[in-house]
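Working notes for the structure below.
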Amino acid sequence: MNLSSKRVLLGVCGGIAAYKAVELLRQLSKLGAEVQVVLTRHAQEFVTPLTFQALSDQPLLTDMFRLEQEREITHVAAAQQAELFLVAPATANLIGKYANGIADDFLTTLLLATTAQVMLAPAMNTKMYLHPATQHNLATLRGWGTLIVEPQEGELACKEIGIGKLAAVETIVEAACAYFRRGLEFEGVTLLVTAGPTREPLDAVRFLSNASSGKMGYAVARAALARGAKVILISGPTALTPPPGCTFVGVETALEMYEAVLQHFPAADVVVKTAAVSDFRFVERHPYKMKKDEAPLSTHFLRNPDILLELGRRKGRAVLVGFAAETHDVVDYARGKLVEKNLDLIVANDISDGRIGMGSDTNRVTIISRSGALEHLPENSKEKVAGAILDRVLPLLPRRGA
Ligand code: CTP
C-alpha cells in the first residue's frame with residue numbers, strides 16, 4: 001500500500017523491543033509515510049537517537065524540557081497534524097499513564113495533545129500484560145477508540161514463554177495500512193447503531209431490564225467511525241462513554257428507543273441493532289417509589305414494539321443487521337429472525353456459556369446472511385467482532401459513485 005503523504009508519529013518506549021521500532025520506521029518510510037519519531041528517555045537507553053534520526057526526515061523528538069519555546073510549539077502542532085500516532089513498543093507504564101491522563105514526559109504529553117488516531121502495540125512480560133491493572137487500562141483505552149495491535153505469544157526477554165511479545169513488525173505495518181485504508185471504506189455512509197439494554201420502569205426506583213452492557217454496540221460505533229462512517233449511536237443506559245465524533249442519543253425505555261430509531265432511520269445506510277430491547281413493559285408506571293405493602297404480587301405487561309421488525313417493513317435501501325442472543329437452537333432461531341424481520345445479516349451468539357457474550361469483553365458469533373450462508377467466527381474481542389461485521393456489510397452497500 002502507498003502511504004505517501006500520510007503523517008505518522010511513532011512513539012517508542014523503553015523496552016527490549018525498542019530496537020524493532022527501527023525496522024518499523026524503515027518499513028513505514030519505505031511505503032511513503034512521513035514518520036516523525038518520539039523517544040522516551042528510557043527508549044534512548046535501548047537504541048541511540050542517532051539510529052532513528054538517520055532513518056527519518058523529520059526532526060527527532062526526545063525531551064520536551066530541552067526544547068526551545070518555539071520548537072516546542074511546532075512539535076505540539078506536529079502531534080495535532082499527524083493522522084496516526086503509533087506507539088510501539090508500548091510498555092505497561094505508558095499504557096497506565098495514558099489511560100489515566102498522566103502527561104509527565106514528551107511522549108505522554110503529545111498523546112494527550114494529539115487529535116490523531118492513537119494505535120498502541122503493547123510489549124511486556126506476560127504477568128504484566130495479564131495483570132488486571134494493564135487489562136483495565138487497555139479496556140479504558142479501547143473505550144476511547146484507541147486501536148490496540150495485540151501482542152503475540154512467544155519467548156520474552158525474561159526467557160518466559162507467554163503472551164506479551166511485541167506483534168511482528170509486518171503485523172503493525174499492516175494495522176497502520178488497514179487504518180489508512182479504513183478511513184475511506186465507509187466514507188459517505190451513515191451507520192445507525194443501537195446498543196445496551198432498555199429499562200422499563202415499574203416505579204420511581206424499580207425497573208425491568210437485562211444484562212446487556214452495550215460493549216458490542218459501542219465497539220461497532222468505534223469501528224465504523226474509524227472507517228470513516230458517520231455514526232448515530234442510540235443507546236440504553238450503560239456505563240460506557242460514547243465515542244468522540246458520533247451523534248449520541250441516550251434513551252431509557254424501548255418506546256424511547258423505537259421513537260429515536262424511527263426518527264434517524266431515513267438518514268441511515270446501515271442499521272446495526274445490537275441493543276437488547278425489552279419485549280415487555282409494565283402496564284402502569286408509578287411516579288413515586290411504591291411501598292412494599294402496596295406493591296402488587298403479580299403484575300401485567302404490555303408488549304413493546306419490535307423496532308427491527310418495523311425497520312424491516314420500511315427497509316428501502318438500508319442494510320439491516322440484527323443480533324440474536326440465544327441459549328439454545330441458536331442458528332435456527334437466528335435464521336427465523338432474519339427472515340421474519342427482513343434482515344440482510346444476523347449475528348447470532350450462544351449465551352448459554354455465560355462467560356462470553358452479554359456483558360463480557362469477548363464474543364463468539366455466527367454471522368448468517370440472507371442467502372443462508374453461515375460463518376462461525378472464533379471467540380474474539382468485541383472490537384474484532386465489530387470489524388468482522390463491518391467487513392460483511394461493506395459488499396452489501398450500494399456502490400457509491402456508480
Ligand atoms: N429487537 C428490536 N425490538 C424489540 C426486540 C428485539 O429491535 N422489541 C431487535 C434486537 O435489537 C435484535 C433482534 O431484534 O437485533 C433480535 O432480538 P432478540 O431479543 O434476540 O429477539 P426477539 O425478536 O425479541 O425474539 P425472542 O425474544 O422471542 O427471542
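Within segment 299-317, the set of residues being crowded, with 19+ Cβ neighbours inside 10 Å and closer than 20 Å to Met216 by Cβ comprises Ile307, Leu308, Leu311. Give the residues of segment 194-211 that are aliphatic (A, V, I, L, M) and either in a loop (DSSP other than H, G, I, E, B) or not assigned by TED's automatic domain parsing to the domain that holds Leu302 (or both), sorted by residue number. Hits for segment 194-211 are Leu202, Ala204, Val205, Ala211. Is there a residue in segment 346-355 that is hydroxyl-bearing (Ser, Thr, Tyr) and at pLDDT 90 or above? Checked segment 346-355: no residue is hydroxyl-bearing (Ser, Thr, Tyr) and at pLDDT 90 or above.
Let's see how each residue does on (1) among the aliphatic types (A, V, I, L, M); (2) at positive phi; (3) at pLDDT 95 or above:
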{"site": "Val220", "(1), (2), (3)": "yes, no, yes"}
{"site": "Leu233", "(1), (2), (3)": "yes, no, yes"}
{"site": "Pro242", "(1), (2), (3)": "no, no, no"}
{"site": "Gly245", "(1), (2), (3)": "no, yes, no"}
{"site": "Glu256", "(1), (2), (3)": "no, no, yes"}
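Inside segment 265-277, can you point out the residues that are surrounded by fewer than 21 Cβ atoms within 10 Å (Cβ to Cβ), within 14 Å of the ligand (Cβ to nearest atom) and not aromatic (Phe, Trp, Tyr)? Within segment 265-277, no residue meets the criteria. Against the conditions (1) more than 9 Å from the ligand (Cβ to nearest atom); (2) within 26 Å of the chain's Cα centre (by Cα), Val321 satisfies every one except (1).
A search for C-beta distances below 6 Å between a residue of segment 316-331 that is of a type in the set (Phe, Trp, Tyr) and any residue that is near the ligand (Cβ under 7 Å from one of its atoms), counting only pairs 6+ apart in sequence or on different chains, returns Phe323/Thr274. The set of residues in segment 73-93 being more than 20 Å from the chain's Cα centre (by Cα) and in contact (Cβ under 8 Å) with a residue 60 or more places away in the chain consists of Ala78, Ala79, Gln81, Ala82, Pro89, Thr91, Asn93.
Let's see how each residue does on (1) in the same structural domain as Lys215 (by TED's automatic domain parsing); (2) over 26 Å from Glu259 (Cβ atoms); (3) within 16 Å of the ligand (Cβ to nearest atom); (4) surrounded by fewer than 22 Cβ atoms within 10 Å (Cβ to Cβ):
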| site | (1), (2), (3), (4) |
| --- | --- |
| His328 | yes, yes, yes, yes |
| Ala334 | yes, yes, yes, no |
| Asp361 | yes, yes, no, yes |
| Val365 | yes, yes, yes, no |
| His376 | yes, yes, no, yes |
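The values are calculated or read from the model by the stated rules, or taken from the named source; none is laboratory data. None of the values given here were measured: they were computed from a predicted structure. All Cβ positions, even for glycine, are placed from backbone atoms using ideal geometry, and neighbour counts span all protein chains on display.
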